[in-house]
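Visitor: The structure under discussion is supplied below as structure tokens; questions concerning it will follow.
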Amino acid sequence: MNTNLKKIVMTALFAALACAATMSIRIPTPGTGGYIHPGDALVILSGVILGPIWGLLAAGIGSAMADLLGGYFIYVPITFAVKGIIAWIAGMLYMKVGKTSKSQCTAVILGGIADIVLVAGGYFLCEIPLYGVTTAMASIPANLIQGLSGLIIAFVLYPILMAVPDIRQITHSSHA
């Protein structure tokens, strides 16, 4: 199978995984009616494994689909943008920092830190016009927890996924 077809298939797979992970476990949060979920791990790993562009598409589409299917219609464009940007940043960090196996793990952690900052900050900024500053601020602690859990899960899953030959191959071709 050629590399471009593999990238398309892997992008669709990671979009589906991001959607499923986002919808699988939902812990409701106060204020905005949102929820904490493990989907951010797939957002980070989409950028790391697929690269910035394909990762942006996988994370953005998969996460936005979870909002669409879950009835959070107003969040679909916000989620597409925030999660897509996170995956793009995670992919760029992996390309720039991840030259050795040790630095690749560091790059995954940095992608997770970007996730923590952008989920808390991005949703806060987007929720201000929807709910006002006070209610938008109420979602920050839950978004920080979500980002941290995404970082931890991504860090645990990364070596497992890199042990899969097709994933390792697509990761190296995405960042070459």
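The values are calculated or read from the model by the stated rules, or taken from the named source; none is laboratory data. Remember, it's a predicted structure, so these values are computed and weren't measured experimentally. Glycine gets a Cβ as well: all are built from the backbone with ideal geometry, and neighbour counts include every protein chain shown. Protein only, heavy atoms only, side chains kept; ligands, DNA and RNA dropped before computing areas. Shrake-Rupley method; radii C 1.70, N 1.55, O 1.52, S 1.80 Å.
Visitor: Tell me which helices (runs of 4 or more DSSP H) are completely within the range 78-176 and hold 1 or more residues being under 13 Å from the mean Cα position of the chain (by Cα) and not hydrophobic (A, V, I, L, M, F, W, C), or say none if there are none. Don't jump to the end; show me each part of the working.
Guide: Values: elements: 101-131, 133-138, 140-162, 165-174.
It comes to 101-131, 140-162.
Visitor: Now for a different question. Which one of LEU125, LEU130, LEU93, LEU68 is among the hydrophobic types (A, V, I, L, M, F, W, C) and closer than 27 Å to PRO165 by Cβ?
Guide: LEU93
Visitor: Quick one: which residue in SER101, SER139 is farther than 15 Å from VAL43 by Cα and in contact with a Gly (Cβ under 6 Å, 6 or more places away or on another chain)?
Guide: SER139
Visitor: A further question follows. Return yes when GLY122 is in contact with a Cys (Cβ under 9 Å, 6 or more places away or on another chain) and not aliphatic (A, V, I, L, M) and no when it is not.
Guide: Here the answer is no, as GLY122 does not meet what is asked.
Visitor: Any residue at all in the range 157-173 that's in contact with a strand residue (DSSP E or B) (Cβ under 6 Å, 6 or more places away or on another chain), within 20 Å of THR22 (Cβ to Cβ) and not hydroxyl-bearing (Ser, Thr, Tyr)?
Guide: Checking the range 157-173: not a single residue is in contact with a strand residue (DSSP E or B) (Cβ under 6 Å, 6 or more places away or on another chain), within 20 Å of THR22 (Cβ to Cβ) and not hydroxyl-bearing (Ser, Thr, Tyr).
Visitor: Go through the range 24-66 and count every residue that is free of Cβ contacts under 8 Å to residues at least 24 places away in the same chain and open to solvent by less than 20 Å² (accessible area, probe 1.4 Å).
Guide: So the answer is 1.
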